[in-house]
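Student: Quick one: this structure, given as structure tokens, is what I'll be asking you about.
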Amino acid sequence: MRSFSDCQSIIKAATVSAYEAVGGVTAAADILGVRSSTLTKYASPAEEWQASFIRLDLAVQLDRQSAHPFLLSAMDRLVKAERPAGFGSVTASAILKLDGVLDDVVREVARAIEGDDHIDAAERVAIRSKIVAAKQILAQLDAVL
């Protein structure tokens with residue numbers, strides 16, 4: 001597992017690269033509408049700023065303006081490096097697990113509309129949690145395929 005300080009340095013380096021790709025900190029400040037002194041803190045490896053990172057909305061905007069998505073690529077590498085083994089191979093038991101997760105979604109929706117044909121706020125939360133679980137399994141299967 002990667003240490004937090006490794007993650008920090010990778011994100012800070014990607015931030016510096018993104019700034020340089022758009023013409024430097026001053027140009028990035030103009031693009032983002034944020035003071036350059038604030039942006040400098042996001043890229044600084046100094047101890048006092050080590051826990052300061054660029055906001056996600058700013059990272060997206062910056063990556064859109066540069067020729068390469070430096071920040072997105074860095075985060076993608078970090079996430080994939082930390083991700084546990086996914087779906088594995090396509091086996092009968094893996095497909096049965098997926099079937100069970102999808103059935104959970106259907107059962108939760110049926111339970112919610114049973115009796116009153118209405119889905120209230122609490123039921124919506126329960127359904128969404130089942131959908132999130134199903135999406136994760138489906139994404140893992142998609143990655144294997």
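Student: If you go through the stretch 8-41, how many residues are under 19 Å from Ser66 (Cα atoms), open to solvent by less than 30 Å² (accessible area, probe 1.4 Å) and touching a residue at least 12 places away in the same chain (Cβ under 8 Å)?
Tutor: Within the stretch 8-41, residues that are under 19 Å from Ser66 (Cα atoms), open to solvent by less than 30 Å² (accessible area, probe 1.4 Å) and touching a residue at least 12 places away in the same chain (Cβ under 8 Å) number 10.
Student: Residue by residue through the stretch 75-105, note down the ones that are open to solvent by less than 50 Å² (accessible area, probe 1.4 Å) and at pLDDT below 80.
Tutor: Gly86, Phe87, Gly88
Student: Would you check if there is a residue in the stretch 63-74 being more than 25 Å from Ala143 (Cβ to Cβ), open to solvent by less than 40 Å² (accessible area, probe 1.4 Å) and hydroxyl-bearing (Ser, Thr, Tyr)?
Tutor: Looking for residues that are more than 25 Å from Ala143 (Cβ to Cβ), open to solvent by less than 40 Å² (accessible area, probe 1.4 Å) and hydroxyl-bearing (Ser, Thr, Tyr), one finds at least one in the stretch 63-74, hence yes.
Student: Between a first residue in the stretch 67-83 that is in a helix (DSSP H, G or I) and a second residue that is open to solvent by 70 Å² or more (accessible area, probe 1.4 Å) and at pLDDT below 90, which pairs have beta carbons less than 8 Å apart while being 6 or more apart in sequence or on different chains?
Tutor: Leu78/Arg2; Ala81/Arg2; Glu82/Met1; Glu82/Arg2
Student: Can you say whether Leu98 is part of a helix (DSSP H, G or I), of a type outside the set (Phe, Trp, Tyr) and under 20 Å from the mean Cα position of the chain (by Cα), as far as the supplied structure shows?
Tutor: On the way: part of a helix (DSSP H, G or I): yes; of a type outside the set (Phe, Trp, Tyr): yes; under 20 Å from the mean Cα position of the chain (by Cα): no.
Spelling it out, it is not the case that Leu98 is part of a helix (DSSP H, G or I), of a type outside the set (Phe, Trp, Tyr) and under 20 Å from the mean Cα position of the chain (by Cα).
Student: Of the residues that sit in the stretch 44-55 and are aliphatic (A, V, I, L, M) and at pLDDT below 95, which one is most open to solvent (accessible area, probe 1.4 Å)? First the steps, then the outcome.
Tutor: Here is the first cut: in the stretch 44-55, the residues aliphatic (A, V, I, L, M) are 46, 51, 54.
If we keep only those that are at pLDDT below 95 as well, we get 46, 51.
Working: Ala46: 40, Ala51: 82 Å².
Step by step, filter the stretch 44-55, then rank; the result is Ala51.
The values are calculated or read from the model by the stated rules, or taken from the named source; none is laboratory data. Predicted model only: the values in this text are computed from it and were never measured. Glycine gets a Cβ as well: all are built from the backbone with ideal geometry, and neighbour counts include every protein chain shown. To get the accessible areas, we keep the full protein, side chains included, count just its heavy atoms, and leave off ligands, DNA and RNA. Shrake-Rupley method; radii C 1.70, N 1.55, O 1.52, S 1.80 Å.
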